[in-house]
Amino acid sequence: MKTNDEDEYWMKIALKNAYYAEKKGEIPIGAILILKKQIIGTGWNSSIGQNDPTAHAEILALREAGQHIKNYRLKNTTLYVTLQPCIMCFGAIIHSRIERLVFGAGYKKDKKCPFKNIFLELQKKYKLKVQKNIMEPQCSRILIDFFKNKRK
């Protein structure tokens, strides 16, 4: 499988997690963590249901993966997430030493993002490989529709 085909394959699974979050009334963001072509962690936004502001899809996938491999260092892994991680999740990604981050939708207001420079500096410092805009239309659509329906 070529990298883009492989990235789309895994992102489709992350999107399934986003749809699950939506069904639970959560902001529809999904994530999976891959090691040696196997899922070792999954997550979907669960902040509302868990009454936990840190229960983001990425954090839950990292927690599950750490338990799975019995280590908080998640070296040689790739995290797939349907939306560009927030600063909290990005900090956890850096701390866990993930090798590669792949996300679908980016922030539309990226130019105004106060964390953009920090994101780029940390990405370089920790040699985090980042691939963005994988299945971007599908990853954006679920969020757009979710918030459109909330406003009705």
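The values are calculated or read from the model by the stated rules, or taken from the named source; none is laboratory data. Since the structure is predicted, the reported quantities are computational estimates derived from the model, not experimental observations. A quick note on method: Cβ atoms are made from the backbone with ideal geometry, for glycine too, and the neighbour counts reach across all protein chains shown. Heads up: the accessible areas ignore ligands, DNA and RNA and are worked out on the full protein's heavy atoms, side chains in. Shrake-Rupley method; radii C 1.70, N 1.55, O 1.52, S 1.80 Å.
From the list Gly25, Gly49, Gly43, Gly104, the lone residue that is assigned to a loop (DSSP other than H, G, I, E, B) and under 23 Å from Ile144 (Cα atoms) is Gly25.
One line per residue, one yes/no per condition, for (1) closer than 17 Å to Ile144 by Cα; (2) outside any helix (DSSP H, G or I); (3) of a type in the set (S, T, N, Q):
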| site | (1), (2), (3) |
| --- | --- |
| Trp10 | no, no, no |
| Ala18 | yes, no, no |
| Ala31 | no, yes, no |
| Pro53 | no, yes, no |
| Leu62 | no, no, no |
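Every condition in (1) closer than 24 Å to Phe146 by Cα; (2) surrounded by 18 or more Cβ atoms within 10 Å (Cβ to Cβ) is met by Thr77 except one, and the failing one is (1).
Looking across the range 75-110 at every residue that is of a type outside the set (A, V, I, L, M, F, W, C) and touching a Gly at 6+ places or on another chain (Cβ under 7 Å), the one that is modelled with the highest pLDDT is identified as Thr82.
Would it be correct to say that Glu121 is assigned to a helix (DSSP H, G or I), touching a residue at least 24 places away in the same chain (Cβ under 8 Å) and of a type in the set (Asp, Glu)? Taking the combined requirement at face value, the residue does not satisfy it.
Kindly indicate whether any position in the range 4-19 is touching a helix residue (DSSP H, G or I) at 6+ places or on another chain (Cβ under 7 Å) and either without any contact (Cβ under 8 Å) to a residue 24 or more places away in the chain or under 29 Å from Lys125 (Cα atoms) (or both). Within the range 4-19 (the criterion being touching a helix residue (DSSP H, G or I) at 6+ places or on another chain (Cβ under 7 Å) and either without any contact (Cβ under 8 Å) to a residue 24 or more places away in the chain or under 29 Å from Lys125 (Cα atoms) (or both)), the answer is no, since none of the residues qualifies.
Restricting Lys16, Lys2, Lys24, Lys37 to those that are at pLDDT below 95 and either open to solvent by 30 Å² or more (accessible area, probe 1.4 Å) or of a type in the set (Ser, Thr, Tyr) (or both) reduces the list to Lys2.
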